[in-house]
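As C-alpha cells, the structure follows; a few thoughts come after it.
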Amino acid sequence: QVQLVESGGGLVQAGGSLRLSCAASGITFSGNDAGWFRQAPGKTRELVATITRGGSINYGDSVKGRFTLSIDNAKNTVYLQMNSLKPEDTAVYYCNLYAVGWFQSYWGQGTQVTVSS
C-alpha cells in the first residue's frame, strides 16, 4: 500500500522559515516524479515545486528564490525548505508522487502552513 506522510507544517511569522517533509512507503521517489502543491481556502490547488525522475526541479513563480525542494533517496523522503515566508503562502501543502510506470498519482493528507503578518 502506497502512503505519503507529510510533516513540518505549523504557524510562523512573516519572514520566518519552515521545512516540510514527505516520507513515502510502499513506493520509492527514485525513478518517479514528485512535488509539492498547495491549496489556500477558496482557491484551486497550485504547483509549488516539482522534481522529475531525472532530477530536474521546477518552481512556481510565486516561490522562486524562497523555496527549495530536495530529495533524500536513502530516506525515501522529499523536503521543501521554505524561507522568507509571506502571509500569502498560507495554505494546506500536499506532497505528490507520480508513478511513471504505473501512470498513477498519489497524494499525502496535507499539512497546514499558516504565516501571520
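The values are calculated or read from the model by the stated rules, or taken from the named source; none is laboratory data. Predicted model only: the values in this text are computed from it and were never measured. Positions of Cβ are backbone-derived with ideal geometry, glycine not excepted, and every protein chain shown enters the neighbour counts. Just the protein is used for accessible areas: all its heavy atoms, side chains included, with ligands, DNA and RNA removed. Shrake-Rupley method; radii C 1.70, N 1.55, O 1.52, S 1.80 Å.
Before moving on, here are some points about what is shown:
- The set of residues in segment 48-69 being more than 20 Å from SER7 (Cα to Cα) and either polar (S, T, N, Q) or not in a strand (DSSP E or B) (or both) consists of THR52, ARG53, GLY54, GLY55, SER56, ASN58, GLY60, ASP61, SER62, LYS64, GLY65.
- Residues in segment 5-21 that are open to solvent by 30 Å² or more (accessible area, probe 1.4 Å) and at positive phi: GLY8, GLY15.
- Selection within segment 70-93 - among the charged types (D, E, K, R), surrounded by 13 or more Cβ atoms within 10 Å (Cβ to Cβ) and assigned to a strand (DSSP E or B): none
- Residues located in segment 94-117, provided they are of a type in the set (Phe, Trp, Tyr), under 16 Å from ALA24 (Cβ atoms) and outside any strand (DSSP E or B): TRP102
- Some residue of segment 55-63 being without any contact (Cβ under 8 Å) to a residue 60 or more places away in the chain, of a type in the set (Gly, Ala, Ser), open to solvent by 50 Å² or more (accessible area, probe 1.4 Å) and out of contact with any helix residue (DSSP H, G or I) (no Cβ under 7 Å at 6 or more places or on another chain): yes
- Selection within segment 11-47 - closer than 20 Å to TYR106 by Cβ, in contact (Cβ under 8 Å) with a residue 24 or more places away in the chain and either in a loop (DSSP other than H, G, I, E, B) or touching a helix residue (DSSP H, G or I) at 6+ places or on another chain (Cβ under 9 Å) (or both): GLY26, ILE27, THR28, PHE29, SER30, GLY31, ASN32, ARG38, ARG45
- Any hit, segment 97-107, residues being within 17 Å of GLN3 (Cβ to Cβ), in contact (Cβ under 8 Å) with a residue 60 or more places away in the chain and open to solvent by less than 40 Å² (accessible area, probe 1.4 Å): yes
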